[in-house]
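The values are calculated or read from the model by the stated rules, or taken from the named source; none is laboratory data. Keep in mind the model is a prediction, meaning the values are calculated, not measured. Cβ atoms come from the backbone with ideal geometry, glycine included; neighbour counts cover every protein chain shown. Areas reflect the complete protein model, heavy atoms only, side chains present, ligands, DNA and RNA absent. Shrake-Rupley method; radii C 1.70, N 1.55, O 1.52, S 1.80 Å.
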Amino acid sequence: MQLTSFTDYGLRALIYMASLPDDRMTSITEVSETYNVSRNHMVKIINQLSRCGYVAAVRGKNGGIRLGKPAEEIVIGQVVREMEPLQLVNCSHEFCHITSACRLKQALYDAVQCFLRELDKYTLADLVEDNHPLYKLLLTDPPSLSSR
C-alpha cells in the first residue's frame with residue numbers, strides 16, 4: 001500500500017511540529033521549506049490537519065501553527081484514516097462488470113484494516129520521543145513531550 005503525498009506530507013508536518021520545543025510555533029512556509037514541498041500544497045495539508053484537530057493555527061503578529069493536541073494523543077492510524085482516501089480499487093458497477101461476484105474487494109478491505117490496526121499501535125509521540133537523529137536532521141532541540 002502506498003500513501004498519497006498528501007497524507008505523507010501531513011504526517012511529516014506533524015512530526016516536524018512534534019519535534020519542536022513546546023514554546024515554539026512554526027509556519028507553513030517553514031514546514032514547506034523543511035521538506036522541500038510546494039507551499040500551496042502544504043497549505044491544503046495544514047488546513048485538513050487543522051479541521052481534524054491535529055494542528056492549531058494562531059493568528060496575529062506572534063502567530064503560527066503548532067500541534068492541536070498532545071503528541072501522545074495523536075494516533076497515526078487515525079491520521080491516515082482522516083487524510084487518505086483508502087479505496088484501493090474502483091468497484092463500481094460502471095467501472096467493473098465482475099463486481100457483484102468479486103472477492104478481491106473483500107481481500108483488499110481486510111488488508112487495509114490490518115494496515116490501519118498496525119498504525120493504531122503508534123502515536124506521534126512514539127515517532128519523535130527521544131529520537132535525537134530526527135532532531136538533528138530537523139535542526140531543532142529535543143521537545144519535552146511530557147509537558148504538552
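Determine the relative contact order of the range 36-148: mean sequence separation of Cα pairs under 8 Å and six or more apart, normalised by residue count, in whole percent. Please report the intermediate quantities before stating the final value.
Values: 85 pairs, mean separation 29.9, N = 113.
Relative contact order comes out at 26 percent.
Given the DSSP H assignment, sum -39500 (n - 2.57) over each helix run of at least 4 residues in the chain and divide by its residue total; what's the result at 222 nm in deg cm²/dmol, nearest 500? Walk me through the intermediate numbers first.
Numbers: 7 runs with 72 residues, N = 148.
Calculated at 222 nm, the ellipticity per residue is -14500 deg cm²/dmol.
Counting Lys and Arg as +1 and Asp and Glu as -1, each charge on the Cβ, what is the dipole of the chain about the Cα centre in debye, to the nearest 20?
440 debye
With labels modelled as points extended 7 Å from the Cα through the Cβ direction, what inter-label distance (nm, one decimal) is found for D120 paired with R103?
Modelled inter-label distance: 2.6 nm.
Given a 1.4 Å probe and every protein chain left where it sits, what share in percent of the accessible area of the chain is carbon and sulfur?
51 percent
Under 20 Å Cα to Cα from K121, which aspartates and glutamates show up? Leave out anything in the same chain fewer than 8 places away.
Cross-link targets: D8, E72, E73, E82, E84, D110, E129, D130.
What fraction of the Cα pairs in the range 8-92, stated in percent, has a spacing above 19 angstrom?
Roughly 37 percent, once rounded to a whole number.
So which lysines pass the test for K44, namely a Cα distance under 21 Å, with those fewer than 8 places away in the same chain ruled out?
In chain and number order, the partners are K69.
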